[in-house]
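The values are calculated or read from the model by the stated rules, or taken from the named source; none is laboratory data. Computed from a prediction, not measured in an experiment: that's the story for all the values here. Cβ placement follows ideal geometry from the backbone for every residue including glycine, while neighbour counts extend to all protein chains displayed. With ligands, DNA and RNA removed, areas are computed over all heavy atoms of the protein, side chains included. Shrake-Rupley method; radii C 1.70, N 1.55, O 1.52, S 1.80 Å.
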Amino acid sequence: MRTLLASLLCALALPALAADGAALFAANCAVCHQPGGVGLPGMAPPLAGTLGERLQVAGRGYLPRVVTHGMTGPITVQGQRYTGSMPPFAAQLPDEALAAVLNHILDSFNAGTLPDGHQAYSTAELAEARADKLAPHEVRKLRDGAMRKGSGS
């Protein structure tokens, strides 16, 4: 009975947590990308101040696909090369939570660098990204605009 009650309470708390992108970032992303999105040299690239330009190159659909499908392959950010991989979070977090995390990262760490007219990500955009059947190495190709996916791209 206690397990059922605990599961029910967790399920009821998820929508409230999903709206809190900062808490979700702290719980799921900050271990690698560090608080404030400053990155971890040699392991995880910085997110702060780097995503506005990436959105212009890769298109709006890029970031939702990174968080849903993960990414693998070498990248260079602010002159430093990273060869690790980003795990997919589609199995751990619902679309609402993933949208909240992306919006937190963009609003908190990239304000002023975003393309003109940038709008917050919606759960529908994350659902569209989730529906794509991409491997992490295919998401890497999106990074340089080699193939663009998603609305506005």
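Screening 16, 27, 11, 90 for residues that are part of a helix (DSSP H, G or I) and either surrounded by 12 or more Cβ atoms within 10 Å (Cβ to Cβ) or modelled with pLDDT of 95 or more (or both) leaves exactly one candidate, 27. Checked against (1) open to solvent by 20 Å² or more (accessible area, probe 1.4 Å); (2) outside any strand (DSSP E or B); (3) under 21 Å from residue 144 (Cα atoms); (4) of a type outside the set (Val, Ile, Thr), residue 81 passes all but condition (2). The single condition from (1) within 15 Å of residue 138 (Cα to Cα); (2) of a type in the set (D, E, K, R); (3) part of a loop (DSSP other than H, G, I, E, B) that residue 65 fails is (3). If you check 42, 117, 49, 59 for being open to solvent by less than 30 Å² (accessible area, probe 1.4 Å) and at positive phi, only one passes: 59.
Within the stretch 132-144, residues that are in contact (Cβ under 8 Å) with a residue 12 or more places away in the chain and part of a helix (DSSP H, G or I) have Cβ atoms under 7 Å from residues that are surrounded by fewer than 16 Cβ atoms within 10 Å (Cβ to Cβ) and among the hydroxyl-bearing types (Ser, Thr, Tyr) in these pairs: 136/85, counting only partners at least 6 apart in sequence or on another chain.
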